[in-house]
Amino acid sequence: MSRIVYVNGDFVPEEEASVSVFDRGFLFADAVYEVTSVLDGKLIDFDGHCARLDRSLSELGMSMPMDRDAFLEAHRELVARNDIGDGLIYLQVTRGAADRDFHYPADATQTVVMFTQAKPGLAENPQAQTGIKVISIPDLRWDRCDIKTTQLLYASMGKMKARAEGADDAWMVDDGKVTEGTSNNAYIVKDGTIVTRQLGNEILPGITRTAVLRFAREAQMKVEERAFTLEEARTADEAFVTSASSFVMPVVEIDGARVGAGAPGPIAKRLRDIYIEEMRRAAS
Ligand code: PDD
């Protein structure tokens, strides 16, 4: 059965969905996106993702093509039409189609696309039991990584390199310090303190990151928001990543060297449990 996707106000079978070859999302990656997870048919942290979409768009001189309630309704409609229990919803907004020109067009109409990916058992991902292996790569992205644009080629290259080396993902390193994972925020734990890079242009302000840090502080865990070196990461007691698709995922190996005992650590496990439980409760 093919998916029903949303394109500019219409819900259509994926085979019938289309956008212009002149769409600036295609020609310039002039587009932003969001990924919201779905558990038991409900949206996880929808408002956080909607707020970040608004910010990404405004940083690029665009406005929201529809308001929060209309986005929420469209997300719910997609969940229902595709019978999604657990999964992901991708929301892509481009500046629209216009004759090719580097300058922003004055009068293009934004393109809005949403689609689902079914992921049965998303919260019971077996990788959470074993942890994942990461390699380090230089962070060669641009300097506005705080905007969630669709320029994801370097992330793809990093994941391909990781796969070729028998790892699951890559952590990016700038000036000796870890910025983030290719599609997640990066953390280490040392002597009970959780360390993750402070917000800035170098990383995406993860929606999962915000929630996880709040839960950690509420649970009286110590949190330091600062850059950490690759060396610190290799000698940490634990490491983990967070994202809308992986929630809290333990990292057990960095560049072939074990982190801590080489198994998911207690703080990552606890944060994962708290995050999933609390977010299920608050889901919309
Ligand atoms: N990735 N950093 C980067 C570079 C990301 O692409 C993501 C999200 C995150 C975590 O953000 P959040 O917690 O809001 O998901 C951090 C999504 C899941 C993706 O592209 O698949």
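Here are the numbers for the structure shown:
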| quantity | calculated |
| --- | --- |
| Cα gyration tensor category, rounded, prolate or oblate, for the chain with a/c compared to 1.5 | prolate |
| Prolate/oblate/rounded label for the range 127-282 (Cα gyration tensor, a/c 1.5) | rounded |
| Dipole moment magnitude, nearest 20 debye, the range 79-217 about Cα centre, only Lys, Arg, Asp, Glu C-beta charged | 240 |
| Using alpha-carbon coordinates, inclination of helix 153-164 to the longest axis of the chain, degrees | 50 |
| Per-residue ³J(HN,Hα) for the range 68-76, Karplus 6.51 cos²θ - 1.76 cosθ + 1.60, θ = phi - 60°, Hz, x for Gly and Pro | 3, 5, 5, 4, 4, 4, 5, 4, 5 |
| Under 12 Å, Cβ to Cβ, from Leu57 - net charge with Lys/Arg +1 and Asp/Glu -1 | 0 |
| Spatial separation of Cα centroids for the range 1-52 and the range 141-163, in angstrom | 19 |
| Spin-label pair Phe102/Asn125, simplified geometry with 7 Å Cα→Cβ offset, distance in nm | 3.8 |
| Interchain or long-range residues, amide H under 5 Å from Asp139's placed H | Val173, Asp174 |
| Extension gain, Leu72 back to Leu152 (0.36 nm per residue minus Cα-Cα distance, nm) | 26.3 nm |
| Helix 266-282 vs. the chain, principal-axis angle (Cα, 0 to 90°, nearest 10) | 30 |
| From phi via Karplus (6.51, -1.76, 1.60), per-residue ³J(HN,Hα) for the range 170-180 in Hz, x at Gly/Pro | 10, 9, 9, 10, 10, 6, x, 10, 6, 8, 6 |
| Positive minus negative residues near Trp171 (Lys, Arg vs Asp, Glu; Cβ under 10 Å) | -4 |
| Helix-only [θ]222 nm of the chain, DSSP H runs n ≥ 4, -39500 (n - 2.57) each, per residue, nearest 500 | -8500 deg cm²/dmol |
| Under the Karplus curve 6.51 cos²θ - 1.76 cosθ + 1.60, θ = phi - 60°, whole-Hz ³J(HN,Hα) for the range 209-224, x wherever Gly or Pro sits | 4, 4, 5, 5, 5, 5, 5, 4, 5, 5, 8, 6, 7, 7, 10, 10 |
| Nonlocal amide H pairs with Asp30, under 5 Å, H built at 1.01 Å | Gly25 |
| Under 14 Å between alpha carbons - lysine pairs in the chain that sit 8 or more apart or on different chains | 4 |
| Cβ charges +1 (Lys, Arg) and -1 (Asp, Glu), total dipole of the range 94-157, debye | 220 |
| Distance in nm between pseudo-label sites at Asp47 and Leu230 (7 Å out along the Cβ direction from Cα) | 4.1 |
| Amide hydrogen neighbours beyond the local backbone of Lys222, cut-off 5 Å, H modeled | Ile194 |
| Where labels lie 7 Å past Cα in the beta-carbon direction, separation of Phe11 and Ala283 in nm | 1.9 |
| Listed residues Ala123, Ala17, Ala106, most fluctuating in the chain (Gaussian network, C-alpha, under 10 Å) | Ala106 |
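FYI, it's all coordinate maths here, none of it is from the lab. Source: prediction; values computed, not measured. Here Cβ is always computed from backbone atoms with ideal geometry, including for glycine, and neighbour counts include all displayed protein chains.
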